[in-house]
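Step one of this worksheet: look at the structure below.
The values are calculated or read from the model by the stated rules, or taken from the named source; none is laboratory data. Not measured: the values here are computed from a predicted model. Using ideal geometry, Cβ is built from the backbone for each residue, glycine included, and neighbour counts are taken over all protein chains shown.
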Amino acid sequence: MTDFTTWDIVRNLLLAARWTVVLSLIAFIGGAAVGLVLTLLRMGGLRPVRWLVRGYVDLFQGTPLLMQLFLAYFGAAVLGFDVSAWTAASVALTLFTSAFLCDIWRGCVEAVPSGQWQAARVLGLNYLQSMRHVILPQALRLAVPPTVGFSVQVIKGTALASVIGFVELTKAGTMLNNATFEPFTIFTFVALGYFILCYPLSRYARYLERRLYGAGIR
Amino acid sequence: MALVSVKDLHKSFGELEVLKGIDLEVEAGEVVAIIGRSGSGKSTFLRCLNQLEHHDWGTIQLADQRLDGTSMTPGELSQNVGMVFQSFNLFPHKSVIDNVMLAPVVVKQTPKSEARRIAEEVLAKVGMSDKIDSYPAQLSGGQQQRVAIARALAMNPKVLLCDEATSALDPELVGEVLRVLEDLAKEGMTLILVTHEMKFARDVSHRVVFMHQGRIHESGPPETLFTRPQTPELAQFIASVV
């Protein structure tokens, strides 16, 4: 049996951490795109559309991400689709992220005072014009800190993709442990890896929040 | 033909009937002050006039056009009726000039250079020429309200509605806003104001309307109304505010 040096462990974890980063980016960018569409539909759409979006958000917020991953991977297989771990993880995390971002952003749009809608309305702006020129620019400023904050949850959520065989940071840790039987060392490094990814984002979110609310919204 | 003609206007919020049949005609160039206790329906009436609230019953005619929620788009309506709010409602993320230019550019599709010229003109009229690049948060309440008036004027409306335009202001800032409104009145702008400034209602308006419990209880020239109220309700109201 080959011996693993600490450097071997770290090197392998670093290589696997790439896929944690890539999967997080896919989930976040995909989730943001879907989430934006959902937010607009939920704010302005017809009543049945709003109702559907709400159901979607409730469904993904009310079930564990782990189950969503299982369903995307094994469920698709049962239905006859041959999906890779990559596809399943990307789809499940994108949908999960979109549901949370939709809810965060709806809150930000609703946080813009109703007087702004009224002012836009009496000046003759229609719904889309009001959204574009008056409401969204203000909602966007409110949305940045919680959105950055949520991206931390997405990164940590990718760890669950390990259970469907997606080799990212956590899965690599498990595999290394099976070979070396040094769980304490390995999972300390794994945890450290997540911390290095997440901590700067948390700090940045906090900084944005202070800057936004401390200075008052101009 | 009156510029604004309201007949038998009714509006309820759920069980609560706020307007119980309002009749009012306003001529072009007329300044009408609406007074009354809070809860008497003044603000709701004003908000029906620009369709921020849709009335349940009765008619509103605006320069030949009947308002029923669908006859005019918000864009067309805004070129007929302007509105100034108690809380200013300036757009905090836009500079003064951008606040004023937004509707002409977006709604009327006025070219930017032309919109800027109009904006500078109306801002000069309210005495805010030196603050065009400031943001609302950098202005006093009185200055913000003057910008809000300019913003409404930029759409060149036929009538300007003011919903307690000075109620949110510190006492020393009320005067500058009232002076702007007075100037507009002198220029022949049609104004319908809900106000608690009795002196202003008395000095500037052509007609005072006293609303009580969802109806127009009494109306007439300010001198008559304030010195010889016909009903005990109005007499009591005047006694309580003067």
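If I filter region B:67-82 down to residues being farther than 25 Å from B:G142 by Cα and of a type in the set (G, A, S), which single residue comes out as nearest to the other protein chains (Cβ to nearest Cβ)?
By that ranking, first place goes to B:G75.
Picking from A:T158, A:T170, which residue would you name as being hydroxyl-bearing (S, T, Y), more than 17 Å from A:P64 (Cα to Cα) and surrounded by 22 or more Cβ atoms within 10 Å (Cβ to Cβ)? Quick ask: steps written out before the conclusion?
Values: A:T158 fails: more than 17 Å from A:P64 (Cα to Cα).
One residue alone meets the criteria, A:T170.
Could you grab me the full set of residues in region B:182-205 that are assigned to a helix (DSSP H, G or I) and either touching a Cys at 6+ places or on another chain (Cβ under 7 Å) or in contact (Cβ under 8 Å) with a residue 60 or more places away in the chain (or both)?
Filtering region B:182-205 for residues assigned to a helix (DSSP H, G or I) gives B:182-186, B:198-204.
Answer for region B:182-205, where residues must be assigned to a helix (DSSP H, G or I) and either touching a Cys at 6+ places or on another chain (Cβ under 7 Å) or in contact (Cβ under 8 Å) with a residue 60 or more places away in the chain (or both): B:A185, B:M198, B:F200, B:A201, B:V204.
Go through (1) among the hydrophobic types (A, V, I, L, M, F, W, C); (2) under 16 Å from B:A154 (Cβ atoms); (3) in contact (Cβ under 8 Å) with a residue 40 or more places away in the chain one by one and return the number of the condition B:V105 breaks.
Checking B:V105 against (1) among the hydrophobic types (A, V, I, L, M, F, W, C); (2) under 16 Å from B:A154 (Cβ atoms); (3) in contact (Cβ under 8 Å) with a residue 40 or more places away in the chain, the one that fails is (3).
Could you give me the residue pairs with C-beta distances under 9 Å whose first residue belongs to region B:49-64 and is within 13 Å of another protein chain (Cβ to nearest Cβ), whose second residue is part of a loop (DSSP other than H, G, I, E, B) and among the hydrophobic types (A, V, I, L, M, F, W, C) wherever it lies, and which are 6+ apart or on separate chains?
Every condition considered, the pairs that remain are B:Q51/B:M72.
Looking only at region A:203-217, decide whether some residue is surrounded by 21 or more Cβ atoms within 10 Å (Cβ to Cβ), assigned to a helix (DSSP H, G or I), touching a residue at least 24 places away in the same chain (Cβ under 8 Å) and more than 14 Å from chain B (Cβ to nearest Cβ).
Narrowing region A:203-217 to residues surrounded by 21 or more Cβ atoms within 10 Å (Cβ to Cβ): none.
Within region A:203-217, none of the residues are surrounded by 21 or more Cβ atoms within 10 Å (Cβ to Cβ), assigned to a helix (DSSP H, G or I), touching a residue at least 24 places away in the same chain (Cβ under 8 Å) and more than 14 Å from chain B (Cβ to nearest Cβ).
Is it the case that region B:154-168 has a residue that's basic (K, R) and farther than 25 Å from B:D8 by Cα? Even if it seems obvious, please write down each step before you answer.
Let us first name the residues in region B:154-168 that are basic (K, R), namely B:158.
In the following step, the residues that additionally are farther than 25 Å from B:D8 by Cα were identified as none.
For region B:154-168, residues basic (K, R) and farther than 25 Å from B:D8 by Cα: absent.
Listed here are the residues, each with its yes/no results for (1) crowded, with 21+ Cβ neighbours inside 10 Å; (2) within 27 Å of A:L128 (Cβ to Cβ); (3) more than 17 Å from the chain's Cα centre (by Cα).
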residue: B:A124; (1), (2), (3): no, no, yes
residue: B:K131; (1), (2), (3): no, no, yes
residue: B:L153; (1), (2), (3): yes, yes, no
residue: B:L184; (1), (2), (3): no, no, no
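Any chance region B:83-98 includes a residue that's out of contact with any Gly (no Cβ under 6 Å at 6 or more places or on another chain), away from every other protein chain (no Cβ under 11 Å) and farther than 30 Å from B:E17 by Cα? Lay out the reasoning, then the answer.
Residues of region B:83-98 that are out of contact with any Gly (no Cβ under 6 Å at 6 or more places or on another chain), as a first pass: B:83-86, B:88, B:90-98.
Of the ones still in play, those that are also away from every other protein chain (no Cβ under 11 Å) are B:96-97.
Keeping just the survivors that are farther than 30 Å from B:E17 by Cα gives B:96-97.
Yes, some residue in region B:83-98 is out of contact with any Gly (no Cβ under 6 Å at 6 or more places or on another chain), away from every other protein chain (no Cβ under 11 Å) and farther than 30 Å from B:E17 by Cα.
From the list B:G142, B:G188, exactly one residue is of a type outside the set (D, E, K, R) and on the phi > 0 side of the Ramachandran plot. Which is it?
Details: B:G142 fails: on the phi > 0 side of the Ramachandran plot.
Criteria check complete, one pass: B:G188.
Before we move on, is B:T59 touching a strand residue (DSSP E or B) at 6+ places or on another chain (Cβ under 7 Å) and surrounded by fewer than 15 Cβ atoms within 10 Å (Cβ to Cβ)? Give the steps one after another, and end with the answer.
Numbers: touching a strand residue (DSSP E or B) at 6+ places or on another chain (Cβ under 7 Å): yes; surrounded by fewer than 15 Cβ atoms within 10 Å (Cβ to Cβ): yes.
Judged against the criteria, B:T59 is a match.
When you look at A:V34, is it modelled with pLDDT under 95 and β-branched (V, I, T), yes or no?
It is false that A:V34 is modelled with pLDDT under 95 and β-branched (V, I, T).
B:R66 versus (1) modelled with pLDDT of 90 or more; (2) more than 12 Å from the chain's Cα centre (by Cα); (3) charged (D, E, K, R): which is the lone unmet condition?
B:R66 satisfies all of (1) modelled with pLDDT of 90 or more; (2) more than 12 Å from the chain's Cα centre (by Cα); (3) charged (D, E, K, R) except (1).
In region B:160-181, how many are part of a loop (DSSP other than H, G, I, E, B) and in contact with a strand residue (DSSP E or B) (Cβ under 6 Å, 6 or more places away or on another chain)? It would help to see each step written out before you state the result.
Here is the first cut: in region B:160-181, the ones part of a loop (DSSP other than H, G, I, E, B) are B:164-170.
If we keep only those that are in contact with a strand residue (DSSP E or B) (Cβ under 6 Å, 6 or more places away or on another chain) too, we end up with B:164-165.
Looking only at that region, the number is 2.
Within region B:130-143, can you find the residues that are within 12 Å of another protein chain (Cβ to nearest Cβ) and in contact (Cβ under 8 Å) with a residue 24 or more places away in the chain?
Initially, region B:130-143 is screened for residues within 12 Å of another protein chain (Cβ to nearest Cβ), giving B:134-139.
Answer for region B:130-143, where residues must be within 12 Å of another protein chain (Cβ to nearest Cβ) and in contact (Cβ under 8 Å) with a residue 24 or more places away in the chain: B:S134, B:Y135, B:P136, B:A137, B:L139.
When the residues of region A:118-138 are filtered to those that are part of a loop (DSSP other than H, G, I, E, B) and of a type in the set (A, V, I, L, M, F, W, C), which remaining residue is farthest from the other protein chains (Cβ to nearest Cβ)?
Residues of region A:118-138 part of a loop (DSSP other than H, G, I, E, B): A:123-126.
Then drop every residue that is not of a type in the set (A, V, I, L, M, F, W, C), which leaves A:123, A:125.
Values: A:L123: 4, A:L125: 6 Å.
It comes out as A:L125.
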